[in-house]
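A.B. asks: First, the structure itself, so that you have it in front of you.
Values quoted throughout were computed directly from the atomic coordinates according to the rules given, and no laboratory measurement underlies them. What you see is a predicted model; the values in this text were computed from it and never measured. Heads up, the Cβs are rebuilt from the backbone with ideal geometry, glycines too, and the neighbour counts pull from every protein chain shown.
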Amino acid sequence: MVLDEVDMFWTDCRFEPGPGWDEIGPLFEALKVAWQHGGTDERARADQDIAAQQMALVPDDGSEPITGMLLRIHEDRARFRG
């Protein structure tokens, strides 16, 4: 990932999927659907399903991977908050 912007709560970056994306990518689609059509419970469940995967964002600059965050990924964009 390449950092683009940081605001008060969220950090935005460019995202390139790594190994295993085919297995976890559908979780982010489910989160998108939950935000568009679901209620609070569906959104929370989708976030919990993603968090259970214990993913890491790995910066291209060689700095430490970012873990333990609330994460949103859509196409080539990632957004997270710790």
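A.B. asks: In whole angstrom, how long is each semi-axis of the equivalent ellipsoid of region 1-40, when you take the square root of 5 times every eigenvalue of its Cα gyration tensor and sort them from largest down? Mind showing how you got there, number by number?
C.D. replies: Values: eigenvalues 94, 70, 7 Å².
Ellipsoid half-lengths, sorted descending, are 22, 19, 6 Å.
A.B. asks: How far, in degrees from 0 to 90, does helix 21-37 lean away from the longest principal axis of the Cα atoms of the chain, to the nearest 10?
C.D. replies: The answer is roughly 50 degrees.
A.B. asks: Can you compute log10 of I(q)/I(0) for the chain with the Debye formula, treating each Cα as one identical point scatterer, at q = 0.15, 0.17, 0.18 Å⁻¹?
C.D. replies: Log10 of I(q)/I(0), two decimals: -0.53, -0.68, -0.76.
A.B. asks: Given Cβ point charges of +1 (Lys, Arg) and -1 (Asp, Glu) and nothing else, what value in debye, to the nearest 20, does the dipole of the chain about its Cα centre take?
C.D. replies: Around 300 debye, computed over the chain.
A.B. asks: Check which residues have an amide H placed less than 5 Å from residue 77's amide H, if you skip close sequence neighbours.
C.D. replies: 15
A.B. asks: A further question on this structure: Net charge near residue 54, counting Lys/Arg +1 and Asp/Glu -1 over other residues with Cβ under 14 Å of its Cβ? Before the final figure, lay out each step's value.
C.D. replies: Numbers: positive: none; negative: 23, 47, 49.
For residues surrounding residue 54, the net value is -3.
A.B. asks: Using only Cα atoms, tell me the angle between helix 40-51 and the longest principal axis of the chain; keep it within 0 to 90° and round to the nearest 10.
C.D. replies: The angle comes out near 40 degrees.
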